[in-house]
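Just below is one structure, and these are the notes that go with it.
The values are calculated or read from the model by the stated rules, or taken from the named source; none is laboratory data. The structure displayed is predicted, hence computed values, not measured ones. All Cβ positions, even for glycine, are placed from backbone atoms using ideal geometry, and neighbour counts span all protein chains on display. To get the accessible areas, we keep the full protein, side chains included, count just its heavy atoms, and leave off ligands, DNA and RNA. Shrake-Rupley method; radii C 1.70, N 1.55, O 1.52, S 1.80 Å.
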Amino acid sequence: MLFRSEARGSLYRGLENVEYACGIPSLLFGDTLENVARGVDCETSLQPLGVCAGITPFNFPAMVPLWMFPLALACGNTFVLKPSEKVPLTAVRLVELLEKAGLPKGVMNLVHGGREAVDTLLTHPLVKAVSFVGSTPVAKHIYETGTRHGKRVQANGGAKNHLVIMPDADVPKAVEAIATAAFGCAGERCMAGSTAITVGAAAERLLPSLVNAARAIRVGPTDRPAQPDMGPVISAAHRDRVVGLVDRGVSEGARVICDGRGAKVAEAPGGFYVGATIVDEVARDMTLAREEVFGPVLSVMRADNLESAIEQANLCAFGNGAAIFTGSGRAAREFKHRVKAGMVGINVGVPATMAMFPFSGWDDSFYGDLHIQGREAVQFYTRQKVVTARWFASGEEIGRAHV
């Protein structure tokens, strides 16, 4: 199972947003209605906000900024980008490319730093809108602070995405999709499939193949010619947190059926590696069922039927994504209507949306009203003006009209 295309895929998704922003003339169309009253016409137009800011995470240092500034600039705003202090160089390169392309000075701006830089953007009177992607606690802080200072805010937080596997699922295809969802990008993404809920006999059909696929995933440094399937997590502290959450799951009664906690890489002995890990028999009251792990760990829960599986998924405080693997149209329809998640996949493990659709998180996965991407993002980076007009002809004009 290879994930080396994950980085390229995330860049392509970023470029999709650039292409979408290039269609801005059609996205900024207003509306006109003649004779809303006798002799009165009404029209709308979208105008820029002014200075907008983006605060981005470490895991996708190119893609997430490209979710933000291309459309913000195309809508007529200036932009301030504050990337994660853990991965500053990609943002530098993006701004260099804009300068090389001829963007006027001051239109795109880059600020490095930690919380002080973030809070300055959230409270500065010239900043009109803030877009954020990161963890839920920080998203909540961004939203509360920004809105308290009169700013428009879209704050995307964490996730705990559930993958429901029905007994009639196509096992080989489900295994491939679930492994990619759970372990792609070392599990460090808000659309990671972090919890599998097997329904009825699905566990016996799925888990042996899934464990084999997980054990086949090679970890190692991704800057070598012979690239591995999965790289390290972001830091030693985060590696220890991921391993600690698995340890806690075991202490609470779960069972590890594929153990990546002791992953060793000879060519990088000091690396922050966690191998693909699958923890079975996770109960709804366990820490692994409630907290975002943000690592290559798949928790497995059991359900007797679809009703119970949906109930378990809906107990989660997050609401980013959810997916079902089934050959039944009835089960898929029931799931997509009832599961509490903003993005739903049917036989798709990572239901991340294309650039023309909103990245539609719910509940603790999103704070705000207008989402990143698509027409909602155009609305976020603009404000609407409505003009109502009536014209009165002068006496001289009336006379000429009757000649």
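When region 172-199 is examined, which residues are found to be more than 26 Å from the chain's Cα centre (by Cα) and open to solvent by 40 Å² or more (accessible area, probe 1.4 Å)?
PRO172
Only one of LEU315, LEU370 is open to solvent by 70 Å² or more (accessible area, probe 1.4 Å), more than 11 Å from the chain's Cα centre (by Cα) and touching a residue at least 12 places away in the same chain (Cβ under 8 Å); which?
LEU315
Is region 231-240 home to any residue that is in contact with a strand residue (DSSP E or B) (Cβ under 8 Å, 6 or more places away or on another chain) and farther than 30 Å from ASP168 by Cβ?
yes
Quick check on THR78: is it under 21 Å from LYS385 (Cβ atoms), within 25 Å of the chain's Cα centre (by Cα) and without any contact (Cβ under 8 Å) to a residue 60 or more places away in the chain?
yes
Restricting attention to region 112-171, report how many residues are charged (D, E, K, R) and open to solvent by less than 20 Å² (accessible area, probe 1.4 Å).
Adding up the residues that qualify gives 2.
Any chance region 8-24 includes a residue that's farther than 30 Å from LEU210 by Cα, in a loop (DSSP other than H, G, I, E, B), without any contact (Cβ under 8 Å) to a residue 24 or more places away in the chain and not acidic (Asp, Glu)?
Looking for residues that are farther than 30 Å from LEU210 by Cα, in a loop (DSSP other than H, G, I, E, B), without any contact (Cβ under 8 Å) to a residue 24 or more places away in the chain and not acidic (Asp, Glu), one finds at least one in region 8-24, hence yes.
Being open to solvent by 30 Å² or more (accessible area, probe 1.4 Å), in a strand (DSSP E or B) and not charged (D, E, K, R) is the filter here; which residues of region 43-60 pass it?
Across region 43-60, the qualifying residues are THR44, SER45, LEU46, GLN47, PRO48, VAL51.
For region 254-283, how many residues are open to solvent by 30 Å² or more (accessible area, probe 1.4 Å), part of a loop (DSSP other than H, G, I, E, B) and at pLDDT 95 or above?
5
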